[in-house]
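The values are calculated or read from the model by the stated rules, or taken from the named source; none is laboratory data. Note that this is a predicted model, so its numbers are computed, not measured. A quick note on method: Cβ atoms are made from the backbone with ideal geometry, for glycine too, and the neighbour counts reach across all protein chains shown.
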Amino acid sequence: MLNRLMGIIPNASEHGRGVEHMLEVCHWFMLVLFIGWGTFFLVSLYKFNKARHPKADYQGVRSHGSTHAEFAVIFIEAALLLGFAMPLWGKRVVDIPNQAEAMRVRAVGEQYAWNFHYAGPDGVFGRQNASFVTASNPLGLDPQDEAGKDDVVSKNELHVINQRPVVLEVTSKDVIHAVSVPQMRIAQDAIPGTKVPLWFRPIKLGKYEIICAQLCGAGHYAMRSVLMVDKQEDFEAFQKELFSMQHPAPASAK
Amino acid sequence: MALLRLASSRIFKSPMSNPILKYLPFFTDAEVPHTVAARPDTGLYSAKLGIWLFLASEVMLFGGLFSAYIFLRIGAEPGYWPSGLLNVPVGTMNTAILIVSSITVVMAWAALKMRQLGKYKFYMAITILCGLIFLTVKLSYEWPAKFNHFGVFIKKDAASKYEEFLGNKHLEEAGQSPRWEITGHLLDAPKGSSYEHQAQHNAEHFAHETGRHDAVTPAEDDYVIQLDAVNANPTDKTNDRPHFWPVPMSNKIAVISAKDVESASVFAPRHSTYFATYFLITGLHGLHVLGGILVFLYLWLPVKGGVNLYKTNPEHLANRVEIAGLFWHFVDLVWIFVFPIFYLL
Amino acid sequence: MSTIATADVGHHGGTAPHDDHHHHELGFLQKWVFSTDHKVIGLQYGVTGLAFLFFGFLLMLVMRWQLANPGQAVPVVGEALRTIFGQTVMTDNGALTAAGYNVFGAMHGTIMVFFGIVPVAVAGFGNYVVPLQIGAPDMAFPKLNMASFWCFFTSCVIMMASFFVPGSAAKSGWTAYPPLAGIADLEGGNLWLNGQTVWLIAMVFNITGSLLGSINFITTIIQLRAPGLTWMRLPFFVWAQFVTAFLLVLAFPPLEAAGFMQLTDRVLGTSFFMPTGLVVGQTVAQTWAGGGSPILWQHLFWFLAHPEVYVLILPGIGIIAEVVANNTRKPLYGYKAMVYAIFALGFLSFIVWAHHMYMTGMGAKVAAFFQVTTVMISVPSVVLLTALLLSLWGGAIRFTVPMLFATAFLPMFGIGGLTGIPLAFNAVDLFLHDTYYVIGHFHYVVAPGTIFALFAGVYHWYPKATGRQMNQFLGKVHFWGSLVFINGLFFPMFLQGMAGVHRRWYDGGATYELTAPVLHWNKVMTVSAGILALFQLVFIFNFFTSWRTGKKVGRNPWDATTLDWDTPTPPPHGNFDKPVEVFRGPYEYSVPGHPTDFHPQSQKS
Amino acid sequence: MAGSHSHSTPDQTHASTNAADHAAAEAADIASHIGAYVKVGVALLVLTGITVGLSYVDFGSRSMNIVVGMIVASIKAGLVAAIFMHLKGEKITIWRFLWMTTIFAIGLFFLTYLAHSDPISGTTHSTH
Ligand code: HEA
Ligand code: HEA
Ligand code: CUA
Ligand SMILES: [Cu+2]
């Protein structure tokens, strides 16, 4: 409710509910504290204005209410940590869906675009080597490698299948970028030299925006990509189209 | 937290009632107390506290550098963290020199405390001399030798071509990490490389020494390297572990095609993260040595703040020497760690 | 190190009663420029820092214009900015370029933190007030103090000069993350004269100055407390400065080391922060052999930068404590608890830094560790704030201008601090990281937080430093204007953040569809910023005119208890005109049975 | 916190006593230390030799050798700090903040190492 009031952007992923729930609890906690402390604050300012209360009391507050309040704060924070934060994070980074269950896509950032690399029907990514990188082969796929023959790469457009978990292997060619999809409640820095898995399970068909969330140069603000959560058929059609574009003849020229 | 325990109601005498402070000739009206004499409740004169705080910050400075070292070293892929490339006897000698200077500086301070000016001057002179030798060895021998040593890292998929220099089969059997680098003196560099001049110079020297003129190949993109012993005999068991005495360079030559090379560099900071940390840490350490020498010189020369201070206020001079000495010991202490991690391990 | 203890001959004043034999006037240079007097150095730091704060604000005004009106020429001054900053930063018709936006953003962050708040809060107020409050004639090492200022000043000159090197100043954020910062500005081919390199050099000077200064503070506080001024009788401001100085001494050096590393990456081609196989454009970057780690920089940077944010706030809290005690006319509630809390805060601030790096790919264990410590650190903050809040109860509150700012500080810091809590949980930070929610969080703590505390401090100690009061009416105008519009400026940031607006966006989010519903806030925020700026002009006017025309005051215009009010106004060189001794705690206001409502620390009975 | 309590307490009375007596007493005290300085110096030289020697002994693995090397280095560093830098018997104030420094330096080492060694599962690093 508080989240809504603050205009939170609607959620479209499975784990996002947990994130949202936790944020909601946090905001309530903060609001209660703020109102509690704030009321005390305003009352004090009113009551103990010099005009109204000319002689200060050397002792001031005598009750130990504040100590209780502080312990309550500690207690609630601990509960948030143990009850929400740690389990949620554990699920994010330890229980990553396996190969069979999830679709794996490589997300490779560069100034200023995202390349999404699909393994194709064989499910195996082709070998990459930086020395093969050209404008038409942005990921440096090894043309000799069999496993890469069915791979496709899409630029600035990521398609996934509704309800099927996706693991993005996030990395970068040049500087640090970050994948962030607010509606999916996911974010991960794309660090050159390191490949980090990031997973989510979309639960709503539709078009979303992928934001580059790490300053990466003058074009950072416009490094926008699109995330399409498709039905199975649409996804396959998209893959086919890409394939025919990227591998025009059976033995591709280059 | 700990400082809270200092909380107490001890009352100490006002500075002006302190005879030492009151009558020191240079201690004029606007002076700050506790420059020379200790504050009773802390037992410290201010500069001593100051230098220790400074050293604490130095611990964090070198701490940052050493943590980078650890981070980079454990992150390094096998075969990309060189070892045995530094001259151990020279390093050992330099370590010993620093230790000796640490002894003499503490003796210099003790001499002053016992008001033996002659001894002070003597010990201080040795200290300064030690510092100078250390720096000279570093700057005129160790570093330049590195700058004329060359290494090429071979691409992994080309490594089999150079097996005779790398000896990876042998290393694998011996349970050691693989070797991807071929090192030695560069005799010929690919055309357009910034090392051409250096290569030419080495080739002339090589020809002069061996009478061989085959070191320069007609191909434009070859590296020709006069090999170090490890690459000349990579399967020789004695090369599996570093040597104490540097093994002389062989007369064997390797010709390496530039397209097989991943990176090539003299042993300069850019060579690898190993040399980057080595040069940055020893360089910063060297600057500290230089700073120490300058301060010692000042304290040794007959100037107002130096030896001449002895006449008016020997205790003040002793304090200064103590402060400078603390700094010097710290510099020694850093070296005590630098030496094994870069030279030996 | 050897010269620091040299006698500082030939000034008047001192712990001894005035001795007129030695009295002689110092020349202008010695008195106001190359001074070793802590008060002059404090003023030098303070005024330089305030000027930088204002400059940082001006940079931000240009950026805010751009955010509300993407691509449009900056009104009135656009052409002039084009002439000053050149074509990297401004287009020919006077609009900010994308690179220019990044330049201004990086410089705004850097300047506000390292050249604005720290110089004013730590070095300015610290230098001026700490020796006075502990009854010392000066800092422990006056010459080192001067060296510290000139080191800082050199860094200011270098940092400002960096706007005028080819390609303009640093543009990789105040965080200077490599590889972006490592490769930035190198296209021109000049390894030394370019924005990022010059930024690093300036930072090395800035850090060195800070280190010298903080060593001096710690030594001074330990060594030069007046007789009777035991630890638990220290004014809270001194405690705050003491802990702050420790944070600086121990946290800054690793960043200095990292600065050297980034410098060699740039000029010597080392690969400390450069990973293997970097591809820039379409080619492998052969300049770097690789093997380095971009994350290493982040660790070393945040090892400083987290403690640094407490460096920004602790002196502020110290000032607030002084002002609150003085204007409620009663002792601080829970003084001892506050001292323990501030130590706990200082200690913990060293082991929470990776909460800025939640999105770099942390496993469960590490994330758990840093979440726990981050949450723990909010506890002493709550203790401090609660103590200040409870101190109001039972007071006889005088709403002087400093007190107005201090009162506003409490809820404003409250908002900033409370919004830090969701960020501390990385599952939530997942959603909020790098959005305007974070920008809102920290601006609430630094702007209506620290800057308000600084304003409170200026209005509070101005009479001591100049002998004159600032105009109270103008002060109130300044306060109410600032309070209203600073909220109009920063509160919408939370709403934008929740809607997914990210930071460091040149066009304020116009590229994206998802942000469209909240972009109108950009206009509101920008207008608020503009009006906020107008109210600052009132302050600047008041600040300079009161110097000559303000109401004259005596030694102790606020009826305060601490030693800083026990000197002549303004204090002479050497500070005290009589021997000082301390007999009681710092805030003995409204002591039952005492004839006045304040009982100064130095009064025997 | 540190074993230096015993040394710092008696010192509080020093400064106000007669300066000349004090200096004389101190000088005698120092003279008695000279032998120790030389001995420690020799020990350091010997330990340097040992460090070098041990680095050529195979302790089973590279990391084991590093551990051994670091232990010897720490002993040497301890000697320098304790004797040459007079930390043995140094005032409590100094000990306190040196402990702090040590804790934070270890924190820096340990936590960066921990962060490095505990990434999100499945993270890989690119190789040469
Ligand atoms: C002065 C500066 C300051 C202060 C004090 C804080 C305080 C805190 N900060 Fe903040 N922070 C910054 C400055 C500061 N921060 C900056 C500059 C950044 C961004 C840097 C960048 O990326 O560029 C940042 C970013 C930042 C992040 C990273 C976010 C991200 O990048 O995704 C996190 C995450 O944990 C965080 C957490 C906290 C926490 C838990 C506190 C806690 O200490 C807060 C504790 C305080 C409270 C809990 C308030 C208690 C008060 C009350 C309850 C009283 C209420 C009173 C009334 C109503 C009268 N901060
Ligand atoms: C202490 C730190 C500090 C302070 C005080 C401020 C103050 C302000 N900041 Fe800033 N800000 C940062 C630190 C700070 N900021 C940092 C670290 C970043 C991140 C940078 C990055 O991305 O790398 C940032 C980023 C940042 C952004 C995000 C930009 C982006 O991501 O694209 C915005 C956007 O609105 C912003 C706005 C403002 C505004 C309007 C103020 C205003 O509140 C300013 C108001 C100022 C005053 C009220 C004081 C004026 C001074 C005087 C009046 C004194 C004059 C007196 C004399 C000369 C005698 N800041
Ligand atoms: Cu890519 Cu920002
Ligand atoms: Cu932080």
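For the range B:273-345, please list each of the helices (runs of 4 or more DSSP H) lying entirely inside it that holds at least 3 residues being touching a residue at least 60 places away in the same chain (Cβ under 8 Å) and facing another protein chain (nearest Cβ under 7 Å).
Because the criterion is at least 3 residues that are touching a residue at least 60 places away in the same chain (Cβ under 8 Å) and facing another protein chain (nearest Cβ under 7 Å), the helices (runs of 4 or more DSSP H) in the range B:273-345 that meet it are B:273-300, B:314-338.
Of C:Leu255, C:Leu304, C:Leu247, C:Leu278, which residue is over 21 Å from B:Leu284 (Cβ atoms) and within 16 Å of ligand 4 (Cβ to nearest atom)?
C:Leu247
Please work out which residue is farthest from ligand 4 (Cβ to nearest atom), limiting yourself to the range C:504-549 and to residues that are within 8 Å of chain A (Cβ to nearest Cβ), touching a residue at least 60 places away in the same chain (Cβ under 8 Å) and not aromatic (Phe, Trp, Tyr).
C:Asp507
Considering only residues that are buried (at least 19 other Cβ atoms within 10 Å of the Cβ) and within 8 Å of chain C (Cβ to nearest Cβ), which ones fall in the range D:86-117?
Of everything in the range D:86-117, those that are buried (at least 19 other Cβ atoms within 10 Å of the Cβ) and within 8 Å of chain C (Cβ to nearest Cβ) turn out to be D:Thr93, D:Phe97, D:Met100, D:Thr101, D:Phe104, D:Leu108, D:Leu111, D:Thr112, D:Ala115.
Listed residues C:Gly290, C:Gly316; which is at pLDDT below 95 and either more than 12 Å from ligand 1 (Cβ to nearest atom) or more than 9 Å from every other protein chain (Cβ to nearest Cβ) (or both)?
C:Gly290
Could you look through the range B:237-275, keep only residues that are of a type in the set (S, T, N, Q) and closer than 24 Å to B:Asp222 by Cβ, and pick out the one that is farthest from the chain's Cα centre (by Cα)?
So, considering only residues that are of a type in the set (S, T, N, Q) and closer than 24 Å to B:Asp222 by Cβ, the one farthest from the chain's Cα centre (by Cα) is B:Ser257.
How many residues are within 10 Å of another protein chain (Cβ to nearest Cβ) and either farther than 20 Å from C:Val501 by Cα or not in a helix (DSSP H, G or I) (or both) if we restrict to the range A:218-232?
Residues in the range A:218-232 being within 10 Å of another protein chain (Cβ to nearest Cβ) and either farther than 20 Å from C:Val501 by Cα or not in a helix (DSSP H, G or I) (or both): 5 in total.
Please go through the range C:586-595 and give me each residue that is within 12 Å of chain A (Cβ to nearest Cβ) and on the phi < 0 side of the Ramachandran plot, ordered by number. Talk me through it step by step, then tell me what you get.
Start the filter on the range C:586-595 by keeping residues that are within 12 Å of chain A (Cβ to nearest Cβ), which leaves C:587-594.
C:Tyr587, C:Glu588, C:Tyr589, C:Val591, C:Pro592, C:His594, listed by residue number.
Give me the residue from the range A:190-213 that is within 7 Å of another protein chain (Cβ to nearest Cβ) and in a loop (DSSP other than H, G, I, E, B) and, out of that set, nearest to ligand 2 (Cβ to nearest atom).
A:Ala213
Scanning for something in contact (Cβ under 8 Å) with a residue 40 or more places away in the chain, of a type in the set (D, E, K, R) and crowded, with 16+ Cβ neighbours inside 10 Å, does the range B:76-87 turn up at least one residue?
Looking for residues that are in contact (Cβ under 8 Å) with a residue 40 or more places away in the chain, of a type in the set (D, E, K, R) and crowded, with 16+ Cβ neighbours inside 10 Å, one finds none in the range B:76-87, hence no.
What number of residues within the range C:390-402 satisfy the criterion of being surrounded by fewer than 22 Cβ atoms within 10 Å (Cβ to Cβ) and in a helix (DSSP H, G or I)?
1
In the range C:435-448, which residue that is more than 6 Å from ligand 1 (Cβ to nearest atom) and touching a residue at least 60 places away in the same chain (Cβ under 8 Å) is nearest to C:Gly500 (Cα to Cα)?
Only one residue tops the list, namely C:Thr435.
Looking at C:Leu404, C:Leu390, C:Leu385, which one is farther than 23 Å from A:Lys55 by Cα and not small (Gly, Ala, Ser)?
C:Leu385
Could you tell me whether C:Thr264 is more than 20 Å from the chain's Cα centre (by Cα), more than 30 Å from C:Ala321 (Cα to Cα) and either surrounded by fewer than 24 Cβ atoms within 10 Å (Cβ to Cβ) or modelled with pLDDT of 95 or more (or both)?
Yes, satisfied.
Given the criterion touching a residue at least 40 places away in the same chain (Cβ under 8 Å), more than 10 Å from chain B (Cβ to nearest Cβ) and aromatic (Phe, Trp, Tyr), identify the matching residue among C:Phe246, C:Phe236.
C:Phe236
For every residue, the table says whether it meets (1) surrounded by 13 or more Cβ atoms within 10 Å (Cβ to Cβ); (2) part of a helix (DSSP H, G or I).
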| position | (1), (2) |
| --- | --- |
| A:Arg17 | no, yes |
| A:Phe34 | yes, yes |
| A:Trp37 | yes, yes |
| A:Tyr46 | no, yes |
| A:Gln59 | yes, no |
| A:Ser63 | no, no |
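What's the number of the condition D:Ala82 fails, among (1) assigned to a loop (DSSP other than H, G, I, E, B); (2) surrounded by 14 or more Cβ atoms within 10 Å (Cβ to Cβ); (3) more than 8 Å from every other protein chain (Cβ to nearest Cβ)?
Result: D:Ala82 passes all but (1).
Looking only at the range B:50-68, which residues are closer than 27 Å to C:Pro275 by Cα and facing another protein chain (nearest Cβ under 7 Å)?
Result: B:Met60, B:Leu61, B:Gly63, B:Gly64, B:Leu65, B:Ser67, B:Ala68.
Which residue is farthest from the other protein chains (Cβ to nearest Cβ), if the candidates are limited to the range C:389-423 and must be of a type in the set (Gly, Ala, Ser) and touching a Gly at 6+ places or on another chain (Cβ under 6 Å)? Outline the logic, then answer.
Going through the range C:389-423, the residues of a type in the set (Gly, Ala, Ser) turn out to be C:391, C:394-396, C:406, C:408, C:414, C:416-417, C:420.
Checking the rest, the ones that are also touching a Gly at 6+ places or on another chain (Cβ under 6 Å) come to C:394, C:416.
On the way: C:Gly394: 4, C:Gly416: 11 Å.
Top of the filtered list is C:Gly416.
When you look at B:Leu117, is it more than 21 Å from the chain's Cα centre (by Cα), within 14 Å of chain D (Cβ to nearest Cβ), over 20 Å from B:Ile182 (Cα atoms) and surrounded by fewer than 20 Cβ atoms within 10 Å (Cβ to Cβ), yes or no? Walk me through how you get there before you give the answer.
Numbers: more than 21 Å from the chain's Cα centre (by Cα): yes; within 14 Å of chain D (Cβ to nearest Cβ): yes; over 20 Å from B:Ile182 (Cα atoms): yes; surrounded by fewer than 20 Cβ atoms within 10 Å (Cβ to Cβ): yes.
The answer is yes for B:Leu117.
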